[in-house]
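One structure below.
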Amino acid sequence: MGILLKDSFEKIYHSAWMELAVRWFLGVMFVYSSLHKIVEPAYFAKIIYGYYLFPANSISLIAIILPYVELFSGLSLVLGIYPRSGTVLINILLFTFIIALSINIVRGQEFDCGCFSFNESDQPSSAKHLLVRDIIYFVMGLYVFFYSRDRKWCIKRKIEIS
């Protein structure tokens, strides 16, 4: 039973289709999460300010640049253009989000994360739920990064050494 379970796990883990599904999930998620931030950077700046982690003079710059990093790294995963590099950027963002969430959990701070939409109901998201979610996404990013077999639907540039 244990050997069958291990073999099944290895087949799934090494499956190019599983890597594609995880890569597309992360990519679509980051593309989607960037769109409302690109459209409304001023409101996103208010969300960033609510974390109480950044100097006030850097918040506008973060609110303008961060959504485009999310957009392009997400597109890199969806289109299969340098997916490992896109995953590095996504995991850097996720690690940063995990640290920011952890700091605010310790502080007891309630806030709108601004992840997929701006929460206009004045009901803060559960920071612990967001933390667990981001850790799961981070592990998914590690899976995509360390996947070492041929990837499905990935734009590659093959260089032959003669």
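Evaluate the following for Tyr43: is it in contact (Cβ under 8 Å) with a residue 12 or more places away in the chain, out of contact with any helix residue (DSSP H, G or I) (no Cβ under 8 Å at 6 or more places or on another chain) and in a helix (DSSP H, G or I)? Against the criterion (in contact (Cβ under 8 Å) with a residue 12 or more places away in the chain, out of contact with any helix residue (DSSP H, G or I) (no Cβ under 8 Å at 6 or more places or on another chain) and in a helix (DSSP H, G or I)), Tyr43 qualifies. Screening Ile47 with (1) buried (at least 19 other Cβ atoms within 10 Å of the Cβ); (2) under 13 Å from the mean Cα position of the chain (by Cα); (3) aliphatic (A, V, I, L, M) gives one miss only, at (2). Going through (1) surrounded by 15 or more Cβ atoms within 10 Å (Cβ to Cβ); (2) modelled with pLDDT of 90 or more; (3) not polar (S, T, N, Q) one by one, Cys154 falls short only on (2).
Every residue, every condition in (1) aliphatic (A, V, I, L, M); (2) in contact with a His (Cβ under 9 Å, 6 or more places away or on another chain); (3) in a helix (DSSP H, G or I), yes or no:
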| position | (1), (2), (3) |
| --- | --- |
| Lys11 | no, no, yes |
| Met18 | yes, no, yes |
| Val28 | yes, no, yes |
| Leu53 | yes, no, no |
| Ser60 | no, no, yes |
| Glu70 | no, no, yes |
| Ser85 | no, no, yes |
| Ile90 | yes, no, yes |
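Cβ-Cβ under 6 Å, sequence separation 6+ or interchain: first residue in region 116-132 and under 18 Å from Leu94 (Cα atoms), partner at pLDDT 85 or above and of a type in the set (Ser, Thr, Tyr). Which pairs? Close Cβ pairs (under 6 Å, with a partner that is at pLDDT 85 or above and of a type in the set (Ser, Thr, Tyr)) amount to Phe116/Ser33.
The values are calculated or read from the model by the stated rules, or taken from the named source; none is laboratory data. Everything numeric in this text was worked out from a predicted model, so none of it was measured. With ideal geometry, Cβ positions are generated from the backbone for all residues, glycine too; neighbour counts draw on all protein chains shown.
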